[in-house]
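Take a look at the structure set out below.
Derivation of every value follows stated rules applied to the coordinates shown; laboratory data play no part. Since this is a predicted model, take the numbers as computed values, not measurements. FYI the Cβ positions are ideal-geometry reconstructions off the backbone, even for glycines, and counts take in every protein chain you see.
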Amino acid sequence: MSKPLAVRRRGAGEPLVLLHPLALSGELWTPLAEALSDEFQVFALDLRGHGASAWDGTPFTIEDLADDVARTLDDLDLPSASLLGLSMGGSVAVNFAGRHPGRVRSLVLADTTAWYGEDAVTTWAERAQKAVAVPRAKQVTFQLDRWFSPDFRERHPEEADRVVKIFLRTNSEAHAAASIAMGAMDSRPLLRSVTAPTLVLVGRHDYATPPSMARQLAEGIDGAELEILPDLRHLSLVERPLLAGRVRQHLRRVTETR
């Protein structure tokens, strides 16, 4: 893929790259980008085939998505940056940080994993088939239950609806291709190569990437911090905007030592 990824920019300061979950886009990060843009220059990327980023229809891997990020940072003239990834975006961030440790100043991994387990290929192949066979509107109930707690959906229907609209606009074929990539992923050998200060966050009730997966990340990355967040499910950083403060605190550890 030669075309650069679509990027949303906001703010000024130390660079922070945001990587979104499967079947969503960089638009997801609007509230977090606004919260952090007073101190950081925030770049919210659309991964291959998602949002406004191009895709030629051929299969791709998590490594390919990480390579896309590397090329985009080159295009932005960013030799290094802090990375924050959620779900699929976190998996891409792990791969990037393990293969390009010198380019990552700080790392936040939310509700994500380096490996989905022994049955991942089969499970994700089924998810891929449903992504194209089931109308997108009929996939929403399944997604909402994974993304947000029932209490959040009841109290903040407008925010849940905002995320649903991003999902509905996502290309179903790209959704399927990314699902296959997730199933094939095994970045566990890269964890020991990650050198950036790392914060691992996970919702206690995230059953898409449960706390056991977050714990494996934190144990595999030298010096990583793990925080299990009460009451939250898969999109923890969306459901609890105040977590922007915790992210800021972690990122400042790097900027204060530069």
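Against the definition (of a type outside the set (Ser, Thr, Tyr), farther than 26 Å from Thr195 by Cβ, in a loop (DSSP other than H, G, I, E, B) and free of Cβ contacts under 8 Å to residues at least 60 places away in the same chain), how does Ala23 come out, yes or no?
no
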Suppose we filter Ala114, Ala178, Ala131 for residues that are surrounded by 21 or more Cβ atoms within 10 Å (Cβ to Cβ), within 24 Å of Pro31 (Cβ to Cβ) and either among the small types (Gly, Ala, Ser) or free of Cβ contacts under 8 Å to residues at least 60 places away in the same chain (or both); which single one remains? Ala178
May I ask you to say which residue of Val194, Val200 is closer than 14 Å to Val108 by Cβ, touching a residue at least 60 places away in the same chain (Cβ under 8 Å) and in contact with a strand residue (DSSP E or B) (Cβ under 6 Å, 6 or more places away or on another chain)? Val200
Which residues, counting only those in the stretch 167-214, are farther than 29 Å from Gln129 by Cβ, part of a loop (DSSP other than H, G, I, E, B) and among the polar types (S, T, N, Q)? Thr195
Picking from Phe96, Phe60, Phe40, the residue that is aromatic (Phe, Trp, Tyr) and in contact with a Pro (Cβ under 8 Å, 6 or more places away or on another chain) would be Phe40
Quickly run through the stretch 221-254 and pick out the residues that are in contact with a Leu (Cβ under 6 Å, 6 or more places away or on another chain), more than 24 Å from Gly102 (Cβ to Cβ), aliphatic (A, V, I, L, M) and crowded, with 23+ Cβ neighbours inside 10 Å. Leu237
Would a scan of the stretch 148-166 turn up a residue that is without any contact (Cβ under 8 Å) to a residue 60 or more places away in the chain and of a type in the set (Phe, Trp, Tyr)? no
When restricted to Arg215, Arg233, Arg246, the only residue under 21 Å from Trp29 (Cα atoms) and out of contact with any helix residue (DSSP H, G or I) (no Cβ under 8 Å at 6 or more places or on another chain) is Arg246
Taking the condition of being farther than 12 Å from Val108 by Cα, in a helix (DSSP H, G or I), of a type outside the set (Ser, Thr, Tyr) and under 17 Å from the mean Cα position of the chain (by Cα), how many residues in the stretch 217-258 meet it? 2
Has the stretch 17-33 got at least one residue that is farther than 26 Å from Leu144 by Cβ and crowded, with 19+ Cβ neighbours inside 10 Å? yes
